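Structure, as structure tokens:
What follows draws every value from the coordinates through simple rules; no lab data is involved. As the structure is a computational prediction, the values presented were derived from the model and not from experiment. Cβ coordinates were reconstructed from backbone atoms using ideal geometry, including for glycine residues, and neighbour counts include every protein chain displayed.
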Amino acid sequence: MNSANDRRIAAISDRVGFEAEVMKLLSERAERYEMGDASSLRTETAEALLTGVLFCMQLALTDAEDADTHSASAGVLFERGLAEAARQVKRGRLLLYQAKTGRPGVENRGLRDTLEALSTFFAKYDPDFFAHRIPCDIDYPLCHPVSEELLGISYINTYLRRLIAENAFLKKLSPVRLRSLLRSYLGDYEELLVNLYAPAAEAAIGCALAGRDPAGLYVSQTEREKLFDSLRENSDDALACVLTDAADSVCRALSIGGAAERDYLRRAALDTIPRIRAAADDGAAGLFPSLPAPV
Amino acid sequence: MGTETEETTLLSVERSKRNELLAAVQSQNEVSARFGLTLSPAAAERLLKKRAEALMDTGRVELSRSALPALIDAFCDSPYLMQEEYEETLAELLDAFYSLKNESRDQLSDDELLQGMRAAFDASGGSTDAVIGMQMERLLGVRSLAEERGDDEERENDE
């Protein structure tokens, strides 16, 4: 959520009588959830229903600019949020299809299991009552994890968009080189719960910084040491510029044209700054991995 | 959330819900009086307090309506209910109702549970301990019995 959305939500929740409206709405939702069979429910169920209601209202308010939304009742906001959740679910199914068809040419158990689990999400997701829930296990770690503050379908779609950006990059690399890099850097990468994108992205950025072809994923030990020495002489701002330029040059070399993929790679490049600083005392081990030297 | 005006609004909603429940409980006197059972306004107030405690203790909430009027309705014609112990017995039955709801993992509707509780109460000569100690198999048996009855009726209708 951005600050404009936060302000919008705060303005509505400060409205006189808003809590009473929400409580009435919650009673109606609870009645419907119990299908009129039960007068009471567990506190945790009531809390979950309330979180679901509030999440839907937040969905309705996100990026809503019209004055009508701001004066709408809790019930109307909830209904609009439900419609927005339904729209996002449709979008999510397409994203999942894209993520499945765009899998990289390397195997990883975590990635495979997570893609299967995401199908379960769409089968089990219940926006009517628990729109905030994520009814599946997402194990595969992303290079840039999705904030735990995102809930339900918002979390899933953000996760899928990032996964697609990662896979699009990995697909630009030769599977043979990629496997060799991952094997030398991570060991049994097929079975481990590890992110495949981060080492490949760093390796490509390292190549660009050393003036080599990013698709080659190889820099010599001497080049790495020289590179590391020159990088750490920079201020943080200058380093950020150098790394961003390197990420852009990787995108050009690999014909990555999408803004999302480019921004994602830039973030991965910038993430190395604290490690470049921290590694100043104990060498460049682990930074800008490379394929083993050709024999 | 949480301005002074807001709190006043919420308090007035809470108060009005409480008054509604109090009126509903007292209106049950019209039916229960036929069986020699009534709750004084003070007793009804105390019962509502005990209901709130029971809900808190069992980790449950009632949002739109309460089970209390239905519980009175389900038990007031039991031959084992006496006026002297009416208020106390209702409080114990209400405690049992919420705990059994939890124990049944909300698989039983209010009506099914009340039906099972009433059967156990009468079968034990009016013991609330017997209701509290009801076995889950027996409770769920109430549902299978009701389902069987439903199936039989459907079959009869089909024939």
query: With each pseudo-label sitting 7 Å past Cα toward Cβ, what's the A:Leu270-A:Thr101 distance in nm, one decimal?
result: 3.2 nm
At most 16 other Cβ within 10 Å, DSSP loop - GluC sites (Glu not before Pro), the range A:104-148: A:Glu107, A:Glu148
- line: Candidates A:Arg15, A:Arg109, A:Arg212; GNM for chain A (alpha-carbon contacts under 10 Å) flags as most fluctuating A:Arg15
- prompt: So what does log10 I(q)/I(0) come out to for the range A:235-280 at q = 0.31 Å⁻¹, using the Debye formula with one equal point on every Cα and no solvent?
  reply: -1.08
message: Given N residues in the protein assembly as shown, what is its alpha carbon radius of gyration divided by 2.2 N^0.38 Å?
response: 1.40
message: Starting from the 7 Å offset along Cα-to-Cβ, what nm value, one decimal, do you get for the label separation of B:Ser99 and B:Leu48?
response: 2.6 nm
query: By how many degrees, between 0 and 90 and to the nearest 10, does the Cα long axis of helix A:109-124 differ from the longest principal axis of chain A?
result: 20 degrees
- line: Relative contact order as a percentage, the range A:122-216, C-alpha pairs under 8 Å and 6+ apart, gives 24 percent
task: Could you tell me which GluC sites (Glu not before Pro) in the range A:202-295 are loop residues by DSSP with no more than 12 other beta carbons within 10 angstrom of their beta carbon?
output: A:Glu233
- prompt: Where nothing but the Cβ of Lys and Arg (+1) and of Asp and Glu (-1) is charged, how large is the charge dipole of the range A:175-250 around its Cα centre, in debye to the nearest 20?
  reply: 320 debye
Lysines whose Cα lies under 22 Å from that of A:Lys124, excluding same-chain neighbours fewer than 8 positions away: A:Lys90, A:Lys100
statement: Rounded to the angstrom and largest first, Cα extents along the principal axes for the range A:206-295 equal 37, 37, 17
query: What spacing in nm lies between the two simple spin-label points modelled at A:Thr43 and A:Asp263, each 7 Å away from Cα in the Cβ direction?
result: 4.2 nm
For the range A:20-75, convex hull volume per residue from C-alpha positions, Å³: 71 Å³
- line: Taking every C-alpha to C-alpha distance in the range B:20-100 and binning by 10 Å from 0, the per-bin percentages run 18, 58, 23, 1
query: Label 7 Å along Cα→Cβ of A:Thr62; the range A:139-169 residues with amide nitrogen under 15 Å?
result: A:146-162
